[in-house]
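First up is the structure itself, then whatever we jot down about it.
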Amino acid sequence: MEHTEIDPAYLEYCHFEDEEVGSNQTQFVEVYPKKLINKVPSPDIPMDFSLNPYQGCEHGCVYCYARPTHEYWGYSSGLDFEKKILVKKNAPEMLRRELASRAWAPSPIMFSGNTDCYQPAERQFEITRDLLKVMLEFRNPVGIITKNSLILRDLDILKELNKLNLLRVTMSITSLDESTRRILEPRTSSCANRVNAVKVLSDLGIPVNVNIAPIIPGINDHEIPKLLETVSKAGARRATYIMVRLNGPLQPIFENWVRLHYPDRADKVLNQIADLHGGKMNDSRFKTRMKGEGNFAEQIRRLFLIHHNMYFKKEASKPMDVSQFRRIRKGQIPLF
């Protein structure tokens, strides 16, 4: 089932990019996967399980490592990834069924292991909101990774999850410069709105981490100190970072983009990315792919560590509580 519609984020994008509305509208394609919860095999990821209510992402981040996964569905990693969004409308029902199964051992589940669960499509479909209701119903811990302030819409559910120590939020913030954000992540929430989301959540006692991701040499690496200072003042508990890597078909997409928007420094940017990964644009090895290696990677590590130690003195959050999990069968009504 397919239909096309225009949302406010797309209208804003057209305004800033001087595009005509209707020239490249989003298509929503309903899909019916056989399972929802995915086992995460990577030791680089803090949670063992993830789920994604959407495949493809309207945010349009040029660097997104998830772009190549869209080819699995028969679409391109380029515009198709941004404009053909696969929607799992039955995801809440599937989640309830999988959590109710005796095969499920309670464990934290990460929302947005691949594409953002609060991307613009969520305004209409509200699948993430319904998934959070299921997580609360079953008392199963959840981690959320997003770069969209739309998360604040669901404060009512998030506060309840947090009361039970069932919630962790990671806000991805790549830049504090709106001109950079608009060309790097054209349909994401503004820099100011993301920082505000960190503050609102933190003020409510919800543990929020910030991921500066990705750090791109020659584009946003100089912002590390200011970013850490800003998100610390907003209440973030801690921060992490990821260096850019260009896996598979992502390399020509990014190269075309950087030569278009930064022609004066494109070669330098590309050469430094390669320097991070042993002369290649991508490194798929666990433990090194996220941070890179070599002299430049070490410079970034030290810069980040110095300023993280300067601005973050807060204690680490306690592990989420899996002991409260309750397995609810179909038709069963929770007692409390």
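Points to keep in mind about this one:
- Residue with peak Gaussian network fluctuation, the chain [Cα springs, cutoff 10 Å], from Val231, Val208, Val134: Val134
- Taken over segment 173-263, the convex hull of the Cα atoms encloses 97 Å³ per residue.
- Ranking of Tyr54, Tyr63, Tyr262 by neighbouring Cβ atoms within 10 Å, starting from the fewest: Tyr262, Tyr63, Tyr54.
- When only alpha carbons are used to place a centre, segment 108-176 and segment 191-269 end up 20 Å from one another.
- Taking each residue as 0.36 nm, the span from Gln124 to Ser323 lengthens on full extension beyond its C-alpha to C-alpha distance by 68.2 nm.
- Relative contact order (%) - segment 2-241, alpha-carbon pairs under 8 angstrom, separation at least six: 17
- Across segment 250-256, computed HN-Hα scalar couplings (Karplus, 6.51 cos²θ - 1.76 cosθ + 1.60, θ = phi - 60°) run 5, 4, x, 4, 5, 4, 4 Hz from first to last residue, x flagging Gly and Pro.
- Applying the Karplus relation 6.51 cos²θ - 1.76 cosθ + 1.60 with θ = phi - 60° to segment 318-325 yields 3J(HN,Hα) values of 6, x, 5, 9, 8, 6, 8, 4 Hz, where x marks Gly and Pro.
- Dipole-positive endmost among Asn114, Ser101, Gly60 within segment 57-121 (Cβ charges, Cα centre): Ser101
- Summed over qualifying helices (DSSP H, 4 residues or more, each -39500 (n - 2.57)) and divided by its residue number, the chain shows a 222 nm mean residue ellipticity of -10500 deg cm²/dmol.
- Segment Leu79-Ser284, length gained on full extension (0.36 nm per residue, minus Cα span): 71.4 nm
- Compared with the dominant Cα axis of the chain, that is its longest principal axis, helix 266-276 is turned about 60°.
- Among Asn140, Asn309, Asn211, residue whose mean-square fluctuation peaks in a GNM of the chain (springs only between Cα atoms under 10 Å): Asn309
- Among the listed pairs Lys133/Lys233; Lys147/Lys291; Lys84/Lys233; Lys291/Lys313; Lys84/Lys330, those beyond 28 Å (Cα-Cα): Lys133/Lys233; Lys84/Lys233; Lys84/Lys330
- Among Tyr118, Tyr65, sorting on how many other beta-carbon atoms sit within 10 Å of each Cβ, with the fewest leading, yields Tyr65, Tyr118.
- Placing one equal scatterer on every Cα of the chain and applying the Debye formula, the log10 ratio I(q)/I(0) at q = 0.10, 0.12 Å⁻¹ is -0.59, -0.87.
- Computed over the chain with a Gaussian network model linking Cα atoms closer than 10 Å, the most mobile of Gln272, Gln299, Gln55 is Gln299.
- Placed amide H near Arg238: partners under 5 Å, 5+ positions off or other chain: Val210
- Long-range amide H partners of Ile145 with built H, under 5 Å: Phe111, Thr170
Read-outs throughout are calculated quantities, based only on the coordinates presented, and are distinct from any laboratory measurement. Just so it is clear, the model here is predicted, and its values are computed rather than measured. Every residue, glycine as well, gets a Cβ built from its backbone with ideal geometry; the counts of neighbours run over all protein chains shown.
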